[in-house]
Structures are given as C-alpha cells and as structure tokens.
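For reference, the structure discussed in these notes is given below.
The values are calculated or read from the model by the stated rules, or taken from the named source; none is laboratory data. All values reported here derive from a predicted model rather than from experimental measurement. Cβ placement follows ideal geometry from the backbone for every residue including glycine, while neighbour counts extend to all protein chains displayed.
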C-alpha cells in the first residue's frame, strides 16, 4: 500500500517567502502511474500541519511542535497498514518523516534501518552550535540525539539502536562519518557502493536483521549522483546511479523481514521537464517488480 506523507516541515525555506517544494513529491509520482506500475493499493494522504518559515537561533528545530504531532499521526497510519499489507511505501516529503516511520516500528518491537542517503544527517545539539532543520538531523533524532520535543514521543525514544542502522551511499567527505563510526553505526560509502554494487546487500541485511524483528528502508533521493538526480534539496556528485540503487532495493525488498520503505526529498519545483520524476518511477517500478511485490 502507498501512503502519502507530503510534509516539508523539516526543511528551511529555499529562499525568503518560498516554501520547500518536496511536499509535491507524491503528486508527481502518482501522476506518472506509480500505483498501477507497482500494483499498490492506495492508502491516501496524511495532510501535514502548516509550514512556518520563521526561525531564530536557539529555537531548536523549525516546526517542531507540528512535526511532533504529525509524526504520531503518521506512526498510527503506518501501524494500521502493516497489519494488512506485506509492504508499505511512504511517499514524502522531506527526510523528517523518518521519525513517524520509526515510531510506528518501535511500538511493535526492535527494528533496523537501511539509511540510503548522501548525507549522514547526524547534526545534534552536542556537535553543532545550533539545530534548525529536522531533515538534516533525522538519523540523529531517531537514535536519541536532538531536540527534546522530538526524541521521546510516546515515551518510546530512542526509536532505533545505533547497531541496528546501516548507512548506505553517504559521501566519503561527510562531516559526521567519524561520529557515526564511533557510535557503531555501520557505513557503506558511495564509493564502496559503486565499487561493490548490490553485493553489499548481504552486509546490510546482516546489520539490520541480526537482532531485530525486521527493518525499514529510508531512500533519500539525493543519494543518487547529481547528474542523474538534480531535483533534490542538496544534490551531490560522485554517487551511485539509479540502476545501482534499483538493484540494491530489489535485494532489500525481497527480504521477508523488510516491512517497507519511504522515499524523500525529490522536489518537483526543481524538475521543470519531469525527467527526474520519470527516473524515480522507473527505479521504484523495477525494484518492486523484480522483488515480486
């Protein structure tokens, strides 16, 4: 089942007076026939609270109160879908929707996370002068580091154990790599991913399933090389191709312990021709079809 979570609450405005456009991601992919292409049921859309652009240093995460309430509602919806469907695909939105996904799974037990992202997203109060946008802090938040309004929803934080996370596709120059490694979070950089391809899936599955009840996939589309995927908030060069990601996703989605995945950060406002949306739909269709889902 596909569920829309079109939240942009975790991003700063791209410029004064402009709202981040990633909330349009589900519309763009649905318009290209994604539901029919992968044979998915329609789980509807969870409407987010109003985006507020105002922020000053010391405020903590932008839109934190609205983001917290939205995450609880998103967790409720995901929980309900998991009871009736083999897999759930959540269409974001920005990366902060990860909090709702992980809260849903923490309510069920101990789960792992495959974190496909060009960035470590591990900014938190102890390693940065200030925190501001949950989309750049989502991995820190779900592992218990971040704005106090977000790290213990339902009294269940942290939602993930460090050792149950595998970060994949992060660029070797990322500023948080050393801290991730020090916290025993497994890492496969973009360089390693391009060298080894989908064969890394065995390592990733070992990390995320060895001691868990299952795992979730977070796909931030900026993990794709910027030449193929420029329509994201922070495009990065020297990354894997859509073809590599599709093959890896097939391996991961084929696992009976995979509960589902989320797709984030694609911004239709940056994709005037729709070429990037076409590539995303083709990638997801290939992965879900090859995984026999």
*Looking at region 94-128, which of its residues are more than 27 Å from residue 238 (Cα to Cα), over 15 Å from the mean Cα position of the chain (by Cα) and either outside any loop (DSSP other than H, G, I, E, B) or free of Cβ contacts under 8 Å to residues at least 12 places away in the same chain (or both)?*
106, 107, 108
*Which members of region 181-198 meet the condition of being over 17 Å from the mean Cα position of the chain (by Cα) and at pLDDT 95 or above?*
181, 182, 183, 184, 191, 192, 193, 194, 195, 196
_Residues that are in a loop (DSSP other than H, G, I, E, B) and within 18 Å of residue 283 (Cα to Cα), drawn from region 222-234_ = 224, 226, 227, 228, 229, 230, 231
*Taking residue 217, is it assigned to a strand (DSSP E or B), modelled with pLDDT of 95 or more, surrounded by fewer than 21 Cβ atoms within 10 Å (Cβ to Cβ) and under 20 Å from the mean Cα position of the chain (by Cα)?*
no
*Inspect region 74-81 for any residue being farther than 26 Å from residue 253 by Cβ, in a helix (DSSP H, G or I) and under 18 Å from the mean Cα position of the chain (by Cα) and give the result as yes or no.*
no
*Quick one: in region 31-41, which of the residues that are in contact with a strand residue (DSSP E or B) (Cβ under 8 Å, 6 or more places away or on another chain) and outside any helix (DSSP H, G or I) is surrounded by the fewest Cβ atoms within 10 Å (Cβ to Cβ)?*
41
*Is there any pair linking a residue in region 21-50 that is at positive phi to one that is part of a loop (DSSP other than H, G, I, E, B) and surrounded by 15 or more Cβ atoms within 10 Å (Cβ to Cβ), with Cβ under 8 Å and at least six apart or on different chains, and which?*
39/293
_Condition check for residue 28: modelled with pLDDT of 95 or more, assigned to a loop (DSSP other than H, G, I, E, B) and farther than 18 Å from residue 134 by Cα_ = no
*If we scan region 42-49, do we find a residue that is crowded, with 19+ Cβ neighbours inside 10 Å, within 15 Å of residue 4 (Cα to Cα), out of contact with any helix residue (DSSP H, G or I) (no Cβ under 6 Å at 6 or more places or on another chain) and modelled with pLDDT of 95 or more?*
no
*Would you tally the residues in region 129-151 being in contact with a helix residue (DSSP H, G or I) (Cβ under 7 Å, 6 or more places away or on another chain) and either surrounded by fewer than 24 Cβ atoms within 10 Å (Cβ to Cβ) or not in a helix (DSSP H, G or I) (or both)?*
6
*Here are some conditions: (1) on the phi > 0 side of the Ramachandran plot; (2) crowded, with 21+ Cβ neighbours inside 10 Å; (3) out of contact with any strand residue (DSSP E or B) (no Cβ under 8 Å at 6 or more places or on another chain). Residue 154 meets all but one. Which one does it not meet?*
(2)
*May I ask you to say which residue of 233, 271, 267, 225 is crowded, with 18+ Cβ neighbours inside 10 Å and at pLDDT below 95?*
233
*Taking only region 236-260 into account, find how many residues are outside any helix (DSSP H, G or I) and buried (at least 19 other Cβ atoms within 10 Å of the Cβ).*
6
*From 287, 282, grab the single residue that is surrounded by fewer than 18 Cβ atoms within 10 Å (Cβ to Cβ), in contact (Cβ under 8 Å) with a residue 24 or more places away in the chain and not in a strand (DSSP E or B).*
282
*Identify all residues within region 191-214 that are assigned to a helix (DSSP H, G or I), more than 20 Å from residue 177 (Cβ to Cβ) and touching a residue at least 60 places away in the same chain (Cβ under 8 Å); write none if there are none.*
209
